[in-house]
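Report on one structure; see the data block that follows.
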Amino acid sequence: MSAERMENGGGGVLKTFVWFWNKAGILVVFLLVCAILAVMTGGLFLRPENILNIVRQVSIHGVVAVGMTMVILFGLIDLSVGSIIAFSGILAAALQVKWMKGQNELWMFAVAVFVALAAGAAVGFFNGFVSTKAKIHPFIITLGTMSIFRGVTLLIGNARPITGMTPLFRRIGADEIKWDWLPFVIPYPVIIFLVCVAIAHFVLRKTSFGRSIYAIGGNPEAAYLSGIMVDRVKILTYTILGVLSSVSGLILTSRLNSGQMTAGQGYEMDIITGVVIGGTSMLGGEGSVLGTLLGVLLIGVIQNGMNLMGVQPYWQTIVKGGIIILAVLMDRLKRAFQTD
């Protein structure tokens with residue numbers, strides 16, 4: 001449908017709405033949802049302890065969402081992030097509780113963190129390398145690694161949680177910073193999340209690597225002809241996502257004081273939903289981590305609000321699925337007006 005025909009059929013209203021959504025829609029929706037939930041929960045939603053709980057939980061998804069934004073900017077996807085979260089978490093737990101028990105606490109902490117991050121990087125590299133070099137869509141490869149490393153997690157933990165982390169390791173997910181001039185505390189996971197957002201925003205907007213990601217997502221053939229090492233950029237981006245998934249796994253394991261078999265299960269949907277509703281196009285080439293920040297916060301707020309109102313989990317899944325569809329439809333409308 002052309003832009004002229006859409007104008008004649010009331011497309012002008014749609015065009016205005018799409019323009020508004022593109023500029024400030026996600027922020028307005030976020031504030032509106034917060035206001036509605038504050039009223040519907042009788043103010044319970046706005047209690048400081050509830051806000052603190054939201055930002056803590058959101059940070060675990062948000063760290064991974066930063067890396068997922070880069071991958072979706074290619075027009076691709078990674079379904080293995082939840083399994084990497086569980087795999088890296090169980091590795092860190094096993095090193096502290098089983099394999100290095102009795103060693104110096106600082107040494108155990110350093111080894112556990114390094115091994116977990118290296119494992120995530122290895123899985124991410126594998127996903128990117130095999131899908132790129134073998135010319136297989138990452139959906140298939142990451143679907144396979146999702147199953148493989150969920151199984152490896154069960155093997156390492158013998159299908160049981162591993163509990164009893166060192167006090168130093170538990171600080172990652174449990175500690176917080178309190179300054180006298182701030183009326184609230186800032187949990188460590190939130191700081192980690194915001195640092196990841198800031199670094200990723202700088203990389204995407206100010207470096208040749210970031211510009212290459214946008215170029216490949218917009219037109220991979222043109223990017224290749226312009227001299228961009230397309231395969232190398234994709235492999236490195238998947239590796240970064242693997243590392244960030246491990247960071248999330250460390251935060252979650254620290255917060256729970258346990259390496260759980262089911263850690264990260266179903267996180268893929270929440271993460272992808274946050275990225276898409278934040279304005280990153282599933283077709284690639286358009287989006288930002290700042291939009292992802294708002295998108296992840298919005299999903300966390302909606303889920304928390306539904307929990308406070310006693311909404312059943314299956315209804316929550318339906319709502320999140322509907323949000324994905326609406327976000328994709330908005331992206332299609334936006335692209336229709338840009339191309340017509």
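Among the residues of the range 188-204, which ones are closer than 19 Å to residue 287 by Cβ and free of Cβ contacts under 8 Å to residues at least 24 places away in the same chain? Answer for the range 188-204, where residues must be closer than 19 Å to residue 287 by Cβ and free of Cβ contacts under 8 Å to residues at least 24 places away in the same chain: 194, 198, 199, 202, 203. Taking the range 64-97 as the range and being over 14 Å from residue 295 (Cβ atoms), part of a helix (DSSP H, G or I) and among the β-branched types (Val, Ile, Thr) as the test, the residues that pass are 71, 81, 84, 85, 90, 97. Report yes if some residue within the range 217-235 is in contact with a Pro (Cβ under 8 Å, 6 or more places away or on another chain) and of a type outside the set (S, T, N, Q); otherwise report no. Looking for residues that are in contact with a Pro (Cβ under 8 Å, 6 or more places away or on another chain) and of a type outside the set (S, T, N, Q), one finds at least one in the range 217-235, hence yes.
Restricting the first member to the range 62-87 and to residues that are among the basic types (Lys, Arg), and the second to residues that are surrounded by fewer than 24 Cβ atoms within 10 Å (Cβ to Cβ), no beta-carbon pair is closer than 7 Å while six or more apart or on different chains. Starting from residues that are small (Gly, Ala, Ser) and surrounded by fewer than 17 Cβ atoms within 10 Å (Cβ to Cβ), keep the ones in the range 107-121 and report whichever is nearest to the chain's Cα centre (by Cα). Of everything passing the filter in the range 107-121, 118 is nearest to the chain's Cα centre (by Cα).
Residues checked against (1) in a loop (DSSP other than H, G, I, E, B); (2) at pLDDT below 85; (3) acidic (Asp, Glu); (4) more than 20 Å from residue 213 (Cβ to Cβ):
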position	(1), (2), (3), (4)
251	no, no, no, yes
286	yes, no, yes, no
301	no, no, no, yes
307	no, no, no, yes
328	no, yes, no, yes
338	no, yes, no, no
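Scan the range 124-136 and give yes if some residue there is assigned to a helix (DSSP H, G or I), farther than 23 Å from residue 233 by Cα and of a type in the set (Lys, Arg), otherwise no. Taking every residue of the range 124-136 in turn, none turns out to be assigned to a helix (DSSP H, G or I), farther than 23 Å from residue 233 by Cα and of a type in the set (Lys, Arg). Looking at (1) within 27 Å of residue 173 (Cα to Cα); (2) crowded, with 22+ Cβ neighbours inside 10 Å, find the lone condition where residue 257 falls short. With (1) within 27 Å of residue 173 (Cα to Cα); (2) crowded, with 22+ Cβ neighbours inside 10 Å applied to residue 257, the lone miss is (2).
Looking only at the range 41-52, which residues are in a helix (DSSP H, G or I) and out of contact with any helix residue (DSSP H, G or I) (no Cβ under 7 Å at 6 or more places or on another chain)? Scanning the range 41-52 gives 48, 49, 51, 52. Kindly indicate whether residue 169 is surrounded by fewer than 20 Cβ atoms within 10 Å (Cβ to Cβ), assigned to a helix (DSSP H, G or I), out of contact with any Pro (no Cβ under 6 Å at 6 or more places or on another chain) and not charged (D, E, K, R). In short, no. Pairs linking a residue in the range 223-234 that is on the phi < 0 side of the Ramachandran plot to a residue that is assigned to a loop (DSSP other than H, G, I, E, B) and not small (Gly, Ala, Ser), with Cβ atoms under 7 Å and 6 or more positions apart or on different chains, are 234/74. Among the residues making up the range 132-187, those that are in contact (Cβ under 8 Å) with a residue 60 or more places away in the chain and aromatic (Phe, Trp, Tyr) are 139, 149, 169, 184. Among residues that are more than 21 Å from the chain's Cα centre (by Cα), within 16 Å of residue 69 (Cα to Cα) and not in a loop (DSSP other than H, G, I, E, B), residue 222 is not included.
The values are calculated or read from the model by the stated rules, or taken from the named source; none is laboratory data. In this text the structure is predicted, and so the values were computed from the model without any measurement. Note: ideal-geometry Cβ built from the backbone for every residue, glycine included; neighbour counts use all protein chains shown.
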